[in-house]
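To start, the structure under review is shown below, and the notes come after it.
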Amino acid sequence: MFYLASFDPLVALIAVVTIFVIMVSFVLKKAKQPFIIGYIIIGIILGRTGLIQDGDLVHNLGELGIILLMFFIGMEINLPDLVNKWKVAILGTMMQVSLSVLLVIAMGYWFEWSLSRSVILGFVISLSSSAIVIKLLADKGILDTKVGQDVLSILLTQDIIIVPLLIVTSFLGGDTPSISSMVLMIAGGVFITFILAYIYFKREIKLPFSNGLEEDHELQVFVAILSCFGCALMTSLFGLSAALGAFIGGMIMHAGRSTDWIHDVLHSLRVIFVAFFFIGIGLQIDFSFIWENIREILFMLVLVYLTNHVINSVVLRLFGDSWREAIVGGSLLGQIGELSFLISLSAFNLGILQSYGYKFTISLISMTMIISPFWVALTEFVLRVFYRGDKFQLE
């Protein structure tokens, strides 16, 4: 027993998490479900059994996962193509977020919620999960279809607007930055706008370090890490989100045609640290709280899915998708996404959400993510029945 107690907590944490990931992954692979669901379930199990005592360590590792995730999302973005789809990407996303917020404000008026709480919950339900939806699109082979590309453009725009949503959250919580901080943030915004404009007009940029890295795999590791976390540090110095910096860094790497070797170098790190992020979410889920509030949570769960499904279906239909495509796209965007955890945590730290509201939100987000694949499957089944057995195919 003394020998076991002498193990380093980090070593024990990694070993325990790895064992559970391997076990759960076999089940999820058979069920064809995204691994993210498994990570949340692992966090729930570890939290209930008390096998993880240092939750702060898990959350700190998870923050690195979000930075890496945003970096990889940035590497998937072709800025000129995104600008060409600006109607569905920007107007569609703005409509979807605005309608979600207005709906929650109306509901909050009925339940006598504060305006700030209603706005925050509107932000939370309006963001979908890039990780889950992209996985589902790829598994179904519809990533390159029109509805797949439209859904992807909405997801990417949602990833971009997380930063202004977090800034609005800070203002609602009374965390008004000083004039010097505002000037610094504006300067950072101008600098980022300049970078994006440069990428858009140049289309392809020459990175200064690209020539000497083809065969030097060891140096590739450190250059890749610098590309991600260096850009994250840069935006942090401007008082902006580190995740935004990583996102911009990923877009720069895409424009520099350096995504292949960076993907190979950092992919394993992203898998590990993103897993810790969702495991950390699972650790926070309180089943006794869910059971005590099961009616309210189930009511909100159904309301969230119906709201997101209907709003996103209408948005996709308005921008050229057929009703069949739009309904499938709406089902894919029905869940609440991983970035909503950041808004919830920020609102909790600022006092906008109290303990009850925070636990309720975390439980709701996690349950929508777990249910997402089943909701999509149900939607496709209903469409098949409605179209009387016609071959279900999206183009």
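Details
- Fewest-first sequence of TYR358, TYR305, TYR200 by Cβ atoms within 10 Å of each Cβ: TYR200, TYR358, TYR305
- Shown for LYS359, LYS202, LYS30: other C-beta atoms within 10 Å of each C-beta, ranked fewest to most, produce the order LYS30, LYS202, LYS359.
- Couplings 3J(HN,Hα) of the stretch 279-292, computed from phi: 4, x, 5, x, 4, 7, 6, 10, 5, 5, 5, 4, 5, 5 Hz, in residue order, whole Hz [Karplus 6.51 cos²θ - 1.76 cosθ + 1.60, θ = phi - 60°; x for Gly and Pro].
- In percent, rounded to a whole number, the relative contact order of the stretch 221-337 is 16, using alpha-carbon pairs under 8 Å and six or more apart.
- Estimated vicinal HN-Hα couplings, Hz - the stretch 101-115 in sequence order (Karplus 6.51, -1.76, 1.60; Gly, Pro = x): 5, 4, 5, 5, 4, 4, 5, x, 4, 5, 8, 6, 7, 5, 4
- Dipole of the stretch 2-386, positive direction: furthest Cα of PHE386, HIS267, GLY122, with charges on the beta-carbon: PHE386
- Global form of the stretch 243-334, assessed from the alpha-carbon gyration tensor, a/c cut-off 1.5: oblate
Every read-out reported here was derived from the displayed coordinates using simple, explicitly stated rules and does not represent laboratory data. Quantities reported herein were computed from a predicted structural model and do not represent experimental measurements. Quick reminder, even Gly has a Cβ in these numbers, built from the backbone with ideal geometry, and neighbours come from all protein chains shown.
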